[in-house]
Amino acid sequence: MAEETARSALDSFEIVTTSGILLWSKKYAPVNPSIVNSFISDVLIEERVQPGTDGKYYKKDSYTLKWVAANDFGLIFIAVYQSLLQLTWIDELLDTVKKLFTSLYGEQLKRPHTSTIECHFDNYFDSRIAELERRSGGPARFTAPPVSAEQTPELEKWDAPLPPPIPGILRAKAGSPAPPTSHLSPAIPDVLRPKSPSGLLTATKRPSRGARGRRGVSSAHASSGEESPARNSNNTKKSGKKLRIWDADGNADEDDGAVLDYSARGASTDDEVDRSRSKATYIDQKEWGSTTSRGEFVLKDLDMEVNAILRQASEKEASSANTGYSAFGFLRNIVGGKTLTKADLETAMAAMTEHLSRKNVAREAALTLTSSVEASLIGQKTASFQSIEATVKTAVEAALRKILTPTNSLDLLREIQTKRAGPHGARPYVISIVGVNGVGKSTNLSKICFFLLQNKFRVLIAACDTFRSGAVEQLRVHARNLKELSQREGGVVELYEKGYGKDAANIAKDAVAYGQAEGFDVVLIDTAGRRHNDTRLMSSLEKFAKMAEPDKILMVGEALVGTDSVAQARNFNGAFGGGRGLDGFIISKCDTVGDMVGTLISMVFATGIPVVFLGTGQNYQDLRTLNIAWAVKLLMS
Amino acid sequence: MEDPAPLLDSPPSHSFMTSLFNPSLPVLVAAVFVIFLTPLFLHLFVFNSRAATNLPTFLLVGPAGGGKTSLMTAFESESETGKPPPDTRTSQTPLSLECSIPASLAGTSKYRSGNDPSMKAFKRFLLLDTPGHGKLRHLALTQVASPVIRGVVFVLDSSLTDVRGTAEYLYEILLALQRSASVAGTGPPKRLLIACNKSDVFTALPASKIQKLLEEEITKMRVSRAKGILDVEDDGEGDTEKEWLGEGGEGLFEFKGMEEVGVEVEVKGGSVERKEWKDRLGAWVGGCL
Ligand SMILES: Nc1nc2c(ncn2[C@@H]2O[C@H](COP(=O)(O)OP(=O)(O)OP(=O)(O)O)[C@@H](O)[C@H]2O)c(=O)[nH]1
Ligand SMILES: [Mg+2]
């Protein structure tokens, strides 16, 4: 069995809870858990989008990962396969597995204070993947999914997927997989054989290989019988005919020997079934009919159950979309416990986007943020006595907090100490400051310098703005002031300058060498301001980063800048080449914008790089660290 | 002519009856609301009151990949389900699980005889797992001060590849505990267990070594924190004194010293893989109950 399943194009499929528990998985090849872990960290927590993927998939090592989330259950479904393969059916697999799994085990998943669920999902999954691979003509697995007469009752018993209103569901089941022109009926209760000459799906009585310590096999066939009535009850105009054809075909005789007495019971439920058919069902049926049919293979028992569940799930989806405006929906909005749909969220989300834009968050950032919040809310239930608006507000707050929280906090003093604790004559700690013209690079550099001097470090300032006249003089003034201010405290500061016109990267390199020779602790490098869309000047940053090898590259951005912030941050972050990016932002002039601190969000959103300092005034001590609670409060006010 | 009297009488009663059977729209709506809302309120009431009967909770914190979720599920499955624990992946949301330890381990049982029937019983409690990812730590930090939390378990990987990162998180937790202890005033001490997990791995350091490294790191850290750049909410005037972790001045930071500020710290090594936490964590939990 193992060799056969190993031929799947997938490497593994995992169902993980957001709390980090692997509920179910199928492994076709060994995949290191770190692959999935880094996917969760990068994509789901840090919300990084790999360039070129459009957020639709994730690549790590030689693997590609695709996923889908079920927010209402806190589940993530992850498919892992080799990047070399072009698999067209992964999306459908994820989608259908999600529907199946949540329909089968939804109740269990809602139980509090437990981590495990009783789940025997292997057969369902196998059936699905076999079907999809078969249809795509992909790597066909010639073994039938391990369904056997012995297995079925067990499944029924433990999974109990279809509580009382079975007739309805099963009728649906029967209808859906019937291809429009098919001569096959979906109603064959147990293992079926293909009508095609290929005969690939010979009925196998192989007992299922239970992946996770299955219990012993029970021998009752009762449940197979129970399932069947509805299959036969397919007497709608559309599919009833097919059924008869199938009966005539005589495909019903089974070598599995399950005695199935469905016709009688089926007849009795026909009417109810038809009456209960909703419009939605009808539409879904067509949909599923067309997708699940290939005409040549007879669908198997499990396949039909699977299809039934899937279809029920789509029905539910369709019907829940309609209840949004009913009186009860209105009530739910007040009392809570309403399942959120896209339609419910639309107005609240639009209002939130507007609100964020007013706070000077760049449009692009605001839209992406709200749509990611929206995606995370769809399917969730509102809490007791919480309106949609309040729910949205809480979610946006959490999203803002998450964006602003750095993955690693920066303790500059500790970092410098650690670096300087090395052998004597080690390289100084190098910080370089970049940014567009006039945002306050030199001012903020001086503020950092002042802070370092207070902590008794020896600081060398390197004037690498060899472009704008007056830049060197400006730094000279700062250096003189700082010297006066810090003399009493015991700090040492010096300016390293080589005039104008020379290559900035070379000066930076020389400055670091000089700093090392003279025993400076820190070298602060000021660079020329440049427009982020000036390709010539931007490209020189790459050489600069190579030559100066800064420990930290900080970009100064103005709090006042609006929409431009996203492009600025992006272009600077990408300008250093070779995997080097920015290490942090300094947002200047924060004292001038009041509560419109949206630039914080825009810049961090664009790059995933944290804000390390805020400039809050004209004095040397007006440098602050970001307080996330403060920022979120301002943004939501 | 006796009719008029009853006739005079009847209109009011008649209209009363009529109105009773032909309610106006607002009345109808109100009635419908009452009918619908009563069960809802009842449900909420029952639901909330059940949540209110809280079990004592122990919080699991620590850097990502330390083994918090594994430890919790291992603890649960040994005590509850008896099945092998599920595998784990990076957590994004907190999760609480109901666990139990034999009552004989609980602190109050010290003086009972071993044959006491109550010793056969189990003490139930909740383990609350939190994500260790840097961006999601506030989920844990906001919980630390909660009154339902009986103790905090800081789970770390004994290989200690990132001393600074680990110490930083531990520092935050210690500071939060210290804060809540000082708010609570004189009460039982806040308890923290530093669980050095994965001791089975060959790169693992012994717990005593880990303690020393962390103490050294925190010593340096609290100095640099005290001198660090002010928070944007500080106006730079008045009380700019930053919070200082532990008692006393600059000198070496020691976990023992935290007792003076109402935080009891214990360090233990162990491994989920070798199923060692059942006893070790169990004993500690018992001491807290
Ligand atoms: N060798 C060994 N591995 C362990 C031990 N405990 C946990 N692990 C492994 O460490 C990995 C991470 O464990 P998790 O429990 O997911 O870590 P976590 O602390 O919950 O991580 P986050 O949820 O990301 O914060 C898993 O692959 C575990 O199997 C142990 O005692 N020994
Ligand atoms: Mg975890």
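The values are calculated or read from the model by the stated rules, or taken from the named source; none is laboratory data. Remember, it's a predicted structure, so these values are computed and weren't measured experimentally. Cβ atoms come from the backbone with ideal geometry, glycine included; neighbour counts cover every protein chain shown. With ligands, DNA and RNA removed, areas are computed over all heavy atoms of the protein, side chains included. Shrake-Rupley method; radii C 1.70, N 1.55, O 1.52, S 1.80 Å.
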Original post:
From A:Glu542, A:Glu489, A:Glu549, A:Glu484, which residue is open to solvent by 30 Å² or more (accessible area, probe 1.4 Å) and in contact with a Gly (Cβ under 6 Å, 6 or more places away or on another chain)?
Top reply: A:Glu542
**OP:** Just name the residue that is nearest to ligand 1 (Cβ to nearest atom) out of those in the range B:127-146 that are crowded, with 20+ Cβ neighbours inside 10 Å and not in a helix (DSSP H, G or I).
**Re:** B:Gly132
**OP:** For the range A:18-27, name all the residues that are open to solvent by 20 Å² or more (accessible area, probe 1.4 Å) and either more than 11 Å from chain B (Cβ to nearest Cβ) or in contact (Cβ under 8 Å) with a residue 24 or more places away in the chain (or both).
**Re:** A:Thr18
Subject >> Number of the exception - A:Gly490 against (1) part of a helix (DSSP H, G or I); (2) within 14 Å of chain B (Cβ to nearest Cβ) >> reply: (1)
**OP:** Test B:Ile210 against the criterion of being within 16 Å of ligand 1 (Cβ to nearest atom), more than 14 Å from chain A (Cβ to nearest Cβ) and assigned to a helix (DSSP H, G or I), and give yes or no.
**Re:** yes
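Out of B:Arg222, B:Arg179, B:Arg280, B:Arg191, I need the residue that is closer than 23 Å to B:Ala140 by Cβ, part of a strand (DSSP E or B) and at pLDDT 85 or above. Which one? Working first, answer last.
Numbers: B:Arg222 fails: part of a strand (DSSP E or B); B:Arg179 fails: part of a strand (DSSP E or B); B:Arg280 fails: part of a strand (DSSP E or B).
Answer to the check: B:Arg191.
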Subject >> Residues of the range A:58-72 that turn out to be more than 11 Å from the chain's Cα centre (by Cα) and free of Cβ contacts under 8 Å to residues at least 60 places away in the same chain, as a count >> reply: 6
**OP:** Would you mind telling me which numbered condition in (1) free of Cβ contacts under 8 Å to residues at least 24 places away in the same chain; (2) within 16 Å of ligand 1 (Cβ to nearest atom) B:Pro188 fails?
**Re:** (2)
Original post:
Here is a list of conditions, (1) out of contact with any helix residue (DSSP H, G or I) (no Cβ under 6 Å at 6 or more places or on another chain); (2) open to solvent by less than 30 Å² (accessible area, probe 1.4 Å); (3) within 12 Å of chain B (Cβ to nearest Cβ); (4) assigned to a loop (DSSP other than H, G, I, E, B), and A:Val43 meets all of them except one; can you say which number that is?
Top reply: (4)
Original post:
For the range A:381-412, what are the residues that are open to solvent by 40 Å² or more (accessible area, probe 1.4 Å), within 20 Å of B:His138 (Cβ to Cβ) and more than 13 Å from chain B (Cβ to nearest Cβ)?
Top reply: A:Lys393, A:Thr394
Original post:
Out of (1) at pLDDT 90 or above; (2) among the charged types (D, E, K, R); (3) in contact with a Phe, Trp or Tyr (Cβ under 7 Å, 6 or more places away or on another chain), the odd one out for B:Glu172 is which?
Top reply: (3)
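I'd like the full set of residues that are of a type outside the set (Ser, Thr, Tyr) and in a helix (DSSP H, G or I), limited to the range A:573-629.
Here is the first cut: in the range A:573-629, the residues of a type outside the set (Ser, Thr, Tyr) are A:573-587, A:589-591, A:593-598, A:600-601, A:603-606, A:608-615, A:617-619, A:621-624, A:626-629.
Correct list: A:Asn573, A:Cys590, A:Asp591, A:Gly598, A:Leu600, A:Ile601, A:Met603, A:Val604, A:Phe605, A:Ala606, A:Ile628, A:Ala629.
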Subject >> Search result, residues across the range A:588-602 that are touching a strand residue (DSSP E or B) at 6+ places or on another chain (Cβ under 7 Å), buried (at least 23 other Cβ atoms within 10 Å of the Cβ) and not small (Gly, Ala, Ser) >> reply: A:Cys590, A:Thr599, A:Leu600
Subject >> Lone unmet requirement of (1) open to solvent by 20 Å² or more (accessible area, probe 1.4 Å); (2) within 14 Å of chain A (Cβ to nearest Cβ) for B:Glu259 >> reply: (2)
**OP:** Identify all residues within the range B:123-149 that are under 13 Å from the mean Cα position of the chain (by Cα), farther than 17 Å from B:Leu174 by Cα and more than 11 Å from ligand 2 (Cβ to nearest atom); write none if there are none.
**Re:** B:Phe125, B:Leu126, B:Leu127, B:Leu128, B:Val148
Original post:
Quick one: which of A:Val97, A:Val49 is on the phi < 0 side of the Ramachandran plot, away from chain B (no Cβ under 14 Å) and without any contact (Cβ under 8 Å) to a residue 40 or more places away in the chain?
Top reply: A:Val49
Subject >> Failed condition for A:Val31, given (1) touching an Asp or Glu at 6+ places or on another chain (Cβ under 6 Å); (2) within 27 Å of A:Ile378 (Cβ to Cβ); (3) within 14 Å of another protein chain (Cβ to nearest Cβ) >> reply: (2)
**OP:** Starting from the range A:457-470, take each residue that is more than 16 Å from A:Leu541 (Cβ to Cβ) and list its partners that are open to solvent by 20 Å² or more (accessible area, probe 1.4 Å), counting only C-beta distances under 6 angstrom and pairs at least six apart or across chains.
**Re:** A:Phe457/A:Asp521; A:Arg458/A:Val492; A:Arg458/A:Asp521; A:Leu460/A:Glu494; A:Leu460/A:Tyr496; A:Ile461/A:Leu495; A:Ala463/A:Glu497
**OP:** May I ask you to list pairs of residues, at least six apart or on different chains, whose Cβ atoms are under 9 Å apart, with the first in the range A:585-607 being within 18 Å of A:Ala399 (Cβ to Cβ) and the second being assigned to a strand (DSSP E or B) and open to solvent by 10 Å² or more (accessible area, probe 1.4 Å)?
**Re:** A:Thr599/A:Glu558; A:Leu600/A:Val611; A:Met603/A:Val611; A:Val604/A:Val611
